[in-house]
Amino acid sequence: MSAAPATPSTANLADFTGHVVLVGAGQMGGALLRGWLFHGLAPSRVTIIDPRPPANIQAVIDAHGIALDPVSPAIADVLIVAVKPQIADEVMPLVRHVVGPQTVVVSVMAGKTIARLEQVFGATTAVVRTIPNTPAAVGRGITGAAANAHVNAAQRSAVERLLAAVGRVEWLAREDWIDIVTAVSGSGPAYVFFLAETLARAGAAAGLPSDLAARLARATVEGAGELMYRSPDIEPATLRQNVTSPNGTTHAALQVLMGQQGIDVAFMEAIAAAAKRSRELAG
Ligand SMILES: NC(=O)C1=CN([C@@H]2O[C@H](COP(=O)(O)OP(=O)(O)OC[C@H]3O[C@@H](n4cnc5c(N)ncnc54)[C@H](OP(=O)(O)O)[C@@H]3O)[C@@H](O)[C@H]2O)C=CC1
Ligand SMILES: O=C(O)[C@@H]1CCC=N1
């Protein structure tokens with residue numbers, strides 16, 4: 001994970017007044033912490049609960065004098081739970097004591113439903129269920145967020161500001177869309193990295209030295225992503241067409257990728273499989 005967002009969002013947290021408790025300062029929690037500090041959140045506003053933060057996050061915690069695992073933390077205005085879903089049922093009851101009437105509980109955990117969070121933290125507790133993605137580490141993530149009926153406007157705004165420190169935020173009208181959001185953008189970076197891997201392998205299989213093929217593939221994925229980022233008014237299909245000469249090389253490749261055994265068919269199946277897995281994990 002990088003030291004600071006390379007292309008920061010426009011969030012400004014210098015005047016954020018709430019107390020933020022972050023449970024789990026790993027990949028995702030650590031990215032959030034870095035984003036908050038980068039955007040001016042006062043370190044005194046943050047408490048971390050994590051028995052073993054990774055060394056790079058421990059260094060950030062130490063450098064900013066952030067409270068880590070205090071014996072009796074103050075009630076949170078925003079409690080963010082960012083542990084692995086597999087240990088969530090064990091960890092969540094241990095942090096119930098930081099939840100009060102003013103707290104909004106935010107989960108970034110895959111598969112943990114609002115109903116489950118209400119069960120642990122109280123039926124009338126304000127809860128936001130989110131699914132971010134790893135480009136959050138460079139301030140270029142996107143987070144889907146679904147709120148329960150107890151989240152008030154001020155809480156929604158506070159949560160949005162904290163999430164916006166690591167990228168864009170999409171509020172979801174329906175919680176069940178989270179499974180599809182997880183499949184598309186939560187898991188999505190893995191598909192793009194796999195594209196870089198497989199493009200490199202294909203280049204090597206076609207006869208290039210493998211290190212050259214890897215450099216070409218990597219730079220192509222980086223550059224195409226950046227081009228799309230810097231062309232917000234141009235549809236991806238147009239960017240694709242701009243590469244594709246009539247009956248040229250790209251056309252020949254796309255005939256394969258868009259055919260019966262093609263990548264778009266594979267993607268339909270992949271997204272369906274990931275969304276199905278997200279529903280299976282729900283609890
Ligand atoms: N990675 C991704 O692409 C995405 C992840 N998510 C969600 O984010 C959540 C976190 O994932 P990720 O950041 O990748 O996981 P990590 O394992 O990197 O981070 C989890 C952190 O929680 C710590 N932890 C373990 N036990 C406790 C405890 N009892 N109390 C507090 N903290 C504890 C872990 O420590 P230790 O390592 O020592 O166990 C670790 O530092 C998951 O629920 C995942 O579903 C959502 C979207 C995308
Ligand atoms: O693979 C997973 O289950 C998590 C959720 C989204 C990204 N990683």
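The values are calculated or read from the model by the stated rules, or taken from the named source; none is laboratory data. From a predicted model like this one, the values you see are computed outputs, not experimental measurements. Neighbour counts run over all protein chains shown; Cβ positions are idealised from the backbone, glycine included.
Against the test of being at pLDDT 95 or above, more than 9 Å from ligand 1 (Cβ to nearest atom) and of a type outside the set (S, T, Y), the options G65, G30, G26 yield a single qualifying residue, G65. Residues that are in a helix (DSSP H, G or I) and polar (S, T, N, Q) were ranked within the stretch 216-252; the one that is nearest to V138 (Cα to Cα) is T220. Within the stretch 197-209, does at least one residue satisfy the condition of being touching a residue at least 24 places away in the same chain (Cβ under 8 Å) and surrounded by 15 or more Cβ atoms within 10 Å (Cβ to Cβ)? No, that holds for no residue. The criterion of being part of a helix (DSSP H, G or I), away from ligand 1 (no atom under 15 Å from the Cβ), over 14 Å from the mean Cα position of the chain (by Cα) and more than 25 Å from F16 (Cα to Cα) does not hold for E90. Residue pairs whose Cβ atoms lie under 7 Å apart, separated by 6 or more positions or on different chains, with the first residue in the stretch 11-36 and in the same structural domain as V78 (by TED's automatic domain parsing) and more than 15 Å from V106 (Cβ to Cβ) and the second assigned to a helix (DSSP H, G or I) and near ligand 1 (Cβ under 9 Å from one of its atoms), are Q27/T134; G30/I57. The conditions of being assigned by TED's automatic domain parsing to the domain that holds L32 and away from ligand 1 (no atom under 14 Å from the Cβ) are met by G122. Take the conditions closer than 21 Å to G18 by Cα, buried (at least 19 other Cβ atoms within 10 Å of the Cβ) and within 15 Å of ligand 2 (Cβ to nearest atom) and apply them to G167. Does it pass? It is true that G167 is closer than 21 Å to G18 by Cα, buried (at least 19 other Cβ atoms within 10 Å of the Cβ) and within 15 Å of ligand 2 (Cβ to nearest atom).
Within the set A63, A76, the sole residue that is in the same structural domain as A145 (by TED's automatic domain parsing) and either touching a Phe, Trp or Tyr at 6+ places or on another chain (Cβ under 7 Å) or surrounded by 12 or more Cβ atoms within 10 Å (Cβ to Cβ) (or both) turns out to be A76. In the stretch 94-150, of all residues being part of a helix (DSSP H, G or I) and within 15 Å of the chain's Cα centre (by Cα), the one that is nearest to ligand 2 (Cβ to nearest atom) corresponds to T134. None of V60, V46, V81, V71 is in contact with a Lys or Arg (Cβ under 9 Å, 6 or more places away or on another chain) and farther than 30 Å from E280 by Cα except V60.
Filtering the stretch 177-213 to residues that are acidic (D, E) and within 16 Å of ligand 1 (Cβ to nearest atom) leaves only D179.
The condition of being within 16 Å of ligand 2 (Cβ to nearest atom) and either among the aromatic types (F, W, Y) or not in a loop (DSSP other than H, G, I, E, B) (or both) holds for only one of A196, A213, A183, that being A183. A search for C-beta distances below 7 Å between a residue of the stretch 259-283 that is under 17 Å from I178 (Cα atoms) and any residue that is away from ligand 1 (no atom under 16 Å from the Cβ) and part of a helix (DSSP H, G or I), counting only pairs 6+ apart in sequence or on different chains, returns nothing.
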